[in-house]
1. Of the numbered conditions (1) within 16 Å of the ligand (Cβ to nearest atom); (2) in contact with a Leu (Cβ under 8 Å, 6 or more places away or on another chain); (3) farther than 14 Å from Val137 by Cβ; (4) not aliphatic (A, V, I, L, M), Asn52 fails exactly one; give the number of that condition.
2. If you check Ile63 against the conditions, is it within 14 Å of the ligand (Cβ to nearest atom), of a type in the set (A, V, I, L, M, F, W, C), closer than 17 Å to Thr23 by Cα and part of a strand (DSSP E or B)?
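Nothing in this text is a laboratory measurement; each read-out follows from the coordinates by a stated rule. Bear in mind the structure is a predicted one, so any value in this text is a computation, not a measurement. All Cβ positions, even for glycine, are placed from backbone atoms using ideal geometry, and neighbour counts span all protein chains on display.
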Amino acid sequence: MRKFMTLLAFVAAPSLAMSHEFTVGDLFIDHPVANTTAATAMSGAGYLSITNNGDTSDTLIGIEADFPRVMLHDTIVENDIAKMSHIEAAEIAPGETLTFAPGGKHVMFMGLDGDPFEAGEKIDATLIFEKAGRIDVTFDVEDLSHGDAGHSDHSGH
Ligand SMILES: [Cu+2]
């Protein structure tokens, strides 16, 4: 919040690309996207990147959205088996970018319960940062399956 006025400089820049982005204070949030899911999926995965353009670190401490549970997960490969683990918080040092991408960190939207993610849908969510506070973003649902299959259909939790 300290440098609230710098927000204006970023917002004024038009975006020509299809991607969408959000800037609050020193945090630049690029292209939140969620993968489409199978019709029976119980959970879906979301991805984005967050760049800290400030000179102090901030920490992502949570995410909220209109689902029974939303968590931050990381993917850890042990003996060629990918497992997911819950992240409580993720610090973003000055000048660094925290990336959530298929095969790595991701946002887990849980409890879809018969309402799968379909291409073109929008998912409103709120990122919660220790210093910057709450930032509203929108995840665009896209079919990312041509890349890493990820685990958009893991119903284990
Ligand atoms: Cu997960």
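1. (1)
2. Here the answer is yes, as Ile63 does meet what is asked.
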